Amino acid sequence: MGVANAFGASTALGTEPGLVELEGYVHGPDVADVRKKLTSSGRPRRHAFVWVEMTGAFSSWRLFGRDDEYELPTRPPRLPDEVTDVWWISGQRGWRWSPDGWSELRPGRLQPPVDDG
């Protein structure tokens, strides 16, 4: 089953297509510099912040369109070794993956921590 977007393309329902987009992005060449900076930080926890726009990653953007439409993913994202935590956000809704699992971000909590020890 799929859902048509504004451009006429269709994507499967559920969180998996969005997770695949997220994984492709954080492993991709466009953020190689981010992965390098995270590695050189020497920190045990390394956060990546991924902002999603409809025109760039529709399957991911669709996940955050309504507060009640999708539950948290049921599996962890496949992250590169350089990334331990990912903040995945669009508009006023988002999700965070950490080694403790997925959590939902609500308005007022859409910012990374200042210090993670």
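The values are calculated or read from the model by the stated rules, or taken from the named source; none is laboratory data. All of these numbers come straight from a predicted model, not from anything done at the bench. Every residue, glycine as well, gets a Cβ built from its backbone with ideal geometry; the counts of neighbours run over all protein chains shown.
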Q | Looking only at segment 94-104, and only at residues there that are surrounded by fewer than 19 Cβ atoms within 10 Å (Cβ to Cβ) and part of a strand (DSSP E or B), the one that is modelled with the lowest pLDDT | A | 104
(Q) For segment 7-37, which positions are touching a strand residue (DSSP E or B) at 6+ places or on another chain (Cβ under 7 Å) and either at pLDDT 85 or above or outside any helix (DSSP H, G or I) (or both)? (A) 10, 11, 12, 13, 22, 25, 26, 34
Q) Is it true that some residue in segment 66-78 is among the hydrophobic types (A, V, I, L, M, F, W, C), modelled with pLDDT of 70 or more, loosely packed, with under 14 Cβ neighbours inside 10 Å and on the phi < 0 side of the Ramachandran plot? A) yes
